[in-house]
Amino acid sequence: MSALPLLLALLAQSPDLVLADFEGADYGAWTAQGSAFGRGPARGTLPKQQAVSGFEGGGLVDTFLGGDAAQGTLTSPEFTLERRFVNFLLGGGDHPGETCVELVVGDEVVRSSTGGDDERLEWESWDVAELAGRRARIRIADRSSGGWGHVDVDSISLSDTRRAAPLVLAPLYAETWRPQFHFSSRTNWLNDPNGLVFLDGEYHLFFQHNPRGREWGNMSWGHAVSPDLVHWTQLDDALEPDALGTIYSGSAVVVGSRIAALYTAAGTPFTQCLAYSMDRGRTFTKFAKNPVLPHVAGENRDPKLVWHSQSARWVMALYLEGETYALFASTDLESWSELERFEMPGCSECPDFFEMPVEGESGERRWVFTAANGQYLVGRFDGRHFAHEGAPQRVEFGRNCYAVQSWSNLPASDGRRIQIGWMNGGRYPHMPFNQQMSLPCELRLVRGGDALHLEKSPVRELERLRARTTRFDAIEVAGRAELGSRAELLDLELEIEPRKASEVALRVRGESVRWSAANATLECLGASAPLGLEDGRLRLRVLVDRTSIEVYGNGGRVVQSSCCLLRGDAPLALEVLGGTARVRAVVHELEPAWKR
Ligand code: FRU
């Protein structure tokens, strides 16, 4: 815009009209009903509440008064809609119509907005152009007593300028909180990865899917395929509930040219059932004599299949109950006999069981047994007994990684063991889908001292998304150094010699990945992991998507997979405290994986 029209546009704008800033000791002319509002605005976070942020000044409306149970409404005096927008700051529960701010004209609610299950207040803007000149009231309502049954509100004004970034709901895969290089379901809820199998150039990702809602329920197997583990195409659901129950987690293998899927039918009781596909997973026929394994114990579930070549039998790892898992064997997938049971302290659900070479030790192979939380046992397996020692080990230390499973049937020429998990518990406010998968990762079994342990790093195919690369060779950083990128999607490789520095932090889009020398720990998004120096160096690989950060420390010896809503475009930077660190950094900006 050239100077004159800009000036005219500015002159045409009237100043904002503040309806409420909630800075006073009481609500003034607003009317409170119920018990949720108390006598006046809150002064920041209330007792037992997660930290509230993003409000202006010292006061705000916060209906977490005494906890989530309290309900009520707070209604403004009538005013005239004499600007194009109503702007306000909103946080709290994501319960449409229950924890909300409403615009009421006469008796009619003409606008309503809810928070995103977040104590950080964000701008919300209503365009009220078509209501210009009408009399209206604002009503802040808390009609919910369950989890996130509260609302946070501040700074309500009428303005000619929109404050909120508009929520993007289309096109598909470009929505505001759509992960850009992690798999998420086109719509609705997703949890565990299931039936991971490679066949005829296609990686199959079946997954726990609710075809009818954004919360867990109606469990079915969703289905997506990819030529490269990076670009996914979602197909129709593959397995739907039947008389034996809803379709819980399980696995798949290739038998001849068929995919055989073994899953839990979550009826009363839970049993293990088989289905075959003759058309590359597009349709399945359930085995007529299901279940193939009747109820064994508790809520037994999540069968994982593996071929044991020495005994020429299929082996099924199954979760039983408590911390107990069992192994079964079969020659035909249809009749099974129990081999043994064992405990895995601190673990439950979603077993996986596979053989791997020990890196750098020719001919040495071991069996690895993983639980839903990614913890694992390493041992030898003779087709009958899994001989393992010691407590479960840990490679994953983040907030959001669960139900890990690995692909079967990769060609021997590939030889990789590739694992993916569900990033359980992320938030996707106002989106048509809910939850996402982790990045597919390659596992390596490595000897460190006496023990064998897993290392985990993103599959190399992810490098196909690298669109622009900047290298920083051996820079000396004391204090703060920017790394020249404000990109949203990043793949970072860092090699840091902290020398005498007490702390080194990567600042990425307002969040930080922080290593502290004193206790040799890595912190990211509230999770911490032990991470020491190797040869005086710290190696970090950091993958940043719109809704997650995954950090791989020292070649993937420790991993932190965590979800968060990454807002803003603060520049990528390093911060070094208490010394000068030598840093080598490679910054790859990524392109989205979804083809649009
Ligand atoms: C793990 C889990 C599994 C079960 C599935 C149901 O997240 O609880 O044990 O099969 O989810 O959706």
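The values are calculated or read from the model by the stated rules, or taken from the named source; none is laboratory data. Not measured: the values here are computed from a predicted model. Cβ placement follows ideal geometry from the backbone for every residue including glycine, while neighbour counts extend to all protein chains displayed.
Which one of these does residue 349 not meet: (1) more than 16 Å from the ligand (Cβ to nearest atom); (2) within 18 Å of residue 303 (Cα to Cα); (3) not aliphatic (A, V, I, L, M)?
Tallying (1) more than 16 Å from the ligand (Cβ to nearest atom); (2) within 18 Å of residue 303 (Cα to Cα); (3) not aliphatic (A, V, I, L, M), residue 349 fails exactly one: (1).
Out of (1) assigned to a loop (DSSP other than H, G, I, E, B); (2) away from the ligand (no atom under 15 Å from the Cβ); (3) not aromatic (Phe, Trp, Tyr), the odd one out for residue 387 is which?
Evaluating residue 387 over (1) assigned to a loop (DSSP other than H, G, I, E, B); (2) away from the ligand (no atom under 15 Å from the Cβ); (3) not aromatic (Phe, Trp, Tyr) leaves (1) as the failure.
How about segment 179-223: which of its residues are among the basic types (Lys, Arg) and either surrounded by 23 or more Cβ atoms within 10 Å (Cβ to Cβ) or within 16 Å of the ligand (Cβ to nearest atom) (or both)?
Going residue by residue through segment 179-223, those that are among the basic types (Lys, Arg) are 186, 212, 214.
Selection gives 212, 214.
Restricting attention to segment 249-273, report how many residues are under 21 Å from residue 202 (Cβ atoms) and either part of a strand (DSSP E or B) or among the charged types (D, E, K, R) (or both). Steps first, answer last, please.
Filtering segment 249-273 for residues under 21 Å from residue 202 (Cβ atoms) gives 249-263.
Subsequent filtering for residues that are either part of a strand (DSSP E or B) or among the charged types (D, E, K, R) (or both) retains 249-255, 258-263.
Final tally of qualifying residues: 13.
Give segment 545-559 a look and list any residue that's under 18 Å from residue 462 (Cβ atoms) and either in a loop (DSSP other than H, G, I, E, B) or within 12 Å of the chain's Cα centre (by Cα) (or both), or say none. Reasoning before the result, please.
Taking segment 545-559 first, the residues under 18 Å from residue 462 (Cβ atoms) are 545-553, 555-556, 559.
Correct list: 545, 546, 547, 548, 549, 550.
If I ask for residues that are among the hydrophobic types (A, V, I, L, M, F, W, C) and either surrounded by fewer than 23 Cβ atoms within 10 Å (Cβ to Cβ) or in contact with a helix residue (DSSP H, G or I) (Cβ under 8 Å, 6 or more places away or on another chain) (or both), which ones from segment 378-396 would you list? It would help to see each step written out before you state the result.
The initial filter retains those residues of segment 378-396 that are among the hydrophobic types (A, V, I, L, M, F, W, C), namely 378, 381, 386-387, 391, 395.
Answer for segment 378-396, where residues must be among the hydrophobic types (A, V, I, L, M, F, W, C) and either surrounded by fewer than 23 Cβ atoms within 10 Å (Cβ to Cβ) or in contact with a helix residue (DSSP H, G or I) (Cβ under 8 Å, 6 or more places away or on another chain) (or both): 378, 386, 387, 391, 395.
Which residues, taken from segment 66-75, are crowded, with 20+ Cβ neighbours inside 10 Å and either at pLDDT below 95 or part of a loop (DSSP other than H, G, I, E, B) (or both)? Spell out the reasoning first.
Within segment 66-75, the first condition is being crowded, with 20+ Cβ neighbours inside 10 Å, and the residues that meet it are 68, 71, 74.
Across segment 66-75, the qualifying residues are 68, 71.
Suppose we filter segment 478-501 for residues that are among the aliphatic types (A, V, I, L, M) and in a loop (DSSP other than H, G, I, E, B); how many remain? Steps first, please.
As a first pass, look at segment 478-501 and keep what is among the aliphatic types (A, V, I, L, M): 478, 481, 483, 487, 489-490, 492, 494, 496, 501.
Cutting the leftovers down to in a loop (DSSP other than H, G, I, E, B) gives us 483, 487, 489, 501.
Counting residues in segment 478-501 that are among the aliphatic types (A, V, I, L, M) and in a loop (DSSP other than H, G, I, E, B) gives 4.
Considering only residues that are within 16 Å of the ligand (Cβ to nearest atom) and of a type outside the set (A, V, I, L, M), look in segment 254-271 and name the one that is nearest to residue 287 (Cα to Cα). Before the answer, list the steps.
Here is the first cut: in segment 254-271, the residues within 16 Å of the ligand (Cβ to nearest atom) are 261-271.
Within this subset, residues satisfying the condition of being of a type outside the set (A, V, I, L, M) are 263-264, 267-271.
Working: 263: 11, 264: 13, 267: 16, 268: 19, 269: 18, 270: 16, 271: 13 Å.
Residue satisfying both the conditions and the ranking: 263.
Please give the number of the condition residue 341 fails out of (1) part of a strand (DSSP E or B); (2) more than 16 Å from the ligand (Cβ to nearest atom); (3) closer than 27 Å to residue 226 by Cα.
Unmet condition: (3).
Here's a check for you: in segment 78-128, which residue that is of a type in the set (Val, Ile, Thr) and in contact with a Ser or Thr (Cβ under 9 Å, 6 or more places away or on another chain) is surrounded by the most Cβ atoms within 10 Å (Cβ to Cβ)? Spell out how you get there, then give the answer.
Looking only at segment 78-128, we keep the residues that are of a type in the set (Val, Ile, Thr), and these are 80, 86, 99, 101, 104-105, 109-110, 114, 128.
Still in the running and in contact with a Ser or Thr (Cβ under 9 Å, 6 or more places away or on another chain): 86, 99, 101, 104, 114.
On the way: 86: 27, 99: 29, 101: 25, 104: 18, 114: 24.
The qualifying residue surrounded by the most Cβ atoms within 10 Å (Cβ to Cβ) is 99.
So, residue 577, is that one in contact (Cβ under 8 Å) with a residue 60 or more places away in the chain, more than 23 Å from residue 397 (Cα to Cα) and either hydroxyl-bearing (Ser, Thr, Tyr) or surrounded by fewer than 19 Cβ atoms within 10 Å (Cβ to Cβ) (or both) or not?
Here the answer is yes, as residue 577 does meet what is asked.
Restricting attention to segment 212-227, does a residue exist that is within 20 Å of residue 435 (Cβ to Cβ), of a type in the set (S, T, N, Q) and touching a residue at least 60 places away in the same chain (Cβ under 8 Å)?
From segment 212-227, those within 20 Å of residue 435 (Cβ to Cβ) are 212-226; that's our starting set.
Subsequent filtering for residues that are of a type in the set (S, T, N, Q) retains 218, 220, 226.
Retained after the next criterion (residues that are touching a residue at least 60 places away in the same chain (Cβ under 8 Å)): none.
Looking for residues that are within 20 Å of residue 435 (Cβ to Cβ), of a type in the set (S, T, N, Q) and touching a residue at least 60 places away in the same chain (Cβ under 8 Å), one finds none in segment 212-227, hence no.
Does segment 136-150 hold any residues that are crowded, with 22+ Cβ neighbours inside 10 Å and in contact with a Gly (Cβ under 7 Å, 6 or more places away or on another chain), and which are they?
Of everything in segment 136-150, those that are crowded, with 22+ Cβ neighbours inside 10 Å and in contact with a Gly (Cβ under 7 Å, 6 or more places away or on another chain) turn out to be 142, 144, 149, 150.
What are the pairs, 6+ residues apart or on separate chains, where a residue within segment 243-260 that is free of Cβ contacts under 8 Å to residues at least 40 places away in the same chain has its Cβ under 8 Å from a residue that is assigned to a strand (DSSP E or B) and more than 16 Å from the ligand (Cβ to nearest atom)?
258/276; 258/277
Given the conditions (1) under 24 Å from residue 185 (Cβ atoms); (2) within 16 Å of the ligand (Cβ to nearest atom); (3) in a loop (DSSP other than H, G, I, E, B); (4) among the hydroxyl-bearing types (Ser, Thr, Tyr), and given that residue 246 satisfies all but one, which numbered condition is not satisfied?
(3)
Out of (1) within 16 Å of the ligand (Cβ to nearest atom); (2) hydrophobic (A, V, I, L, M, F, W, C); (3) in a loop (DSSP other than H, G, I, E, B), what's the single condition that is false for residue 238?
Result: residue 238 passes all but (3).
Could you tell me how many of the residues in segment 514-540 are under 14 Å from residue 499 (Cβ atoms) and part of a strand (DSSP E or B)?
Residues in segment 514-540 being under 14 Å from residue 499 (Cβ atoms) and part of a strand (DSSP E or B): 3 in total.
For the structure I just gave you, tell me whether residue 239 is within 14 Å of residue 293 (Cβ to Cβ) and within 27 Å of the chain's Cα centre (by Cα). Lay out the reasoning, then the answer.
Working: within 14 Å of residue 293 (Cβ to Cβ): no; within 27 Å of the chain's Cα centre (by Cα): yes.
Considered against the rule, which asks whether it is within 14 Å of residue 293 (Cβ to Cβ) and within 27 Å of the chain's Cα centre (by Cα), residue 239 comes out as no.
Taking segment 272-326 only, how many residues are more than 16 Å from the ligand (Cβ to nearest atom), touching a residue at least 24 places away in the same chain (Cβ under 8 Å) and aromatic (Phe, Trp, Tyr)?
4
Looking only at segment 397-433, which residues are more than 13 Å from the ligand (Cβ to nearest atom) and under 27 Å from residue 96 (Cβ atoms)?
Of segment 397-433, the ones more than 13 Å from the ligand (Cβ to nearest atom) are 397-399, 406-420, 426-433.
399, 426, 427, 428, 429, 430, 431, 432, 433 - these are the residues of segment 397-433 that are more than 13 Å from the ligand (Cβ to nearest atom) and under 27 Å from residue 96 (Cβ atoms).
Does residue 504 satisfy the condition of being of a type in the set (A, V, I, L, M, F, W, C), buried (at least 18 other Cβ atoms within 10 Å of the Cβ), touching a residue at least 12 places away in the same chain (Cβ under 8 Å) and over 30 Å from residue 178 (Cβ atoms)?
On the way: of a type in the set (A, V, I, L, M, F, W, C): yes; buried (at least 18 other Cβ atoms within 10 Å of the Cβ): yes; touching a residue at least 12 places away in the same chain (Cβ under 8 Å): yes; over 30 Å from residue 178 (Cβ atoms): yes.
Criteria met by residue 504.
So residue 243 fits all but one of (1) of a type in the set (A, V, I, L, M, F, W, C); (2) more than 25 Å from residue 314 (Cβ to Cβ); (3) buried (at least 18 other Cβ atoms within 10 Å of the Cβ); what number is the exception?
Among (1) of a type in the set (A, V, I, L, M, F, W, C); (2) more than 25 Å from residue 314 (Cβ to Cβ); (3) buried (at least 18 other Cβ atoms within 10 Å of the Cβ), residue 243 violates only (3).
Failed condition for residue 414, given (1) under 30 Å from residue 93 (Cα atoms); (2) not in a strand (DSSP E or B), with all others met?
(1)
Cβ contacts < 7 Å: first residue touching a residue at least 60 places away in the same chain (Cβ under 8 Å), restricted to segment 34-47; second residue part of a loop (DSSP other than H, G, I, E, B) and surrounded by fewer than 17 Cβ atoms within 10 Å (Cβ to Cβ), any location; separation 6+ or different chain. Result?
45/51
Which count do you get for residues in segment 458-516 that are small (Gly, Ala, Ser) and under 17 Å from residue 230 (Cβ atoms)? Lay out the reasoning, then the answer.
First, the residues of segment 458-516 that are small (Gly, Ala, Ser): 467, 474, 478-479, 481, 484-485, 487, 501-502, 505, 510, 512, 516.
Now narrow it down to the ones that are under 17 Å from residue 230 (Cβ atoms): 467.
Selection size over segment 458-516: 1.
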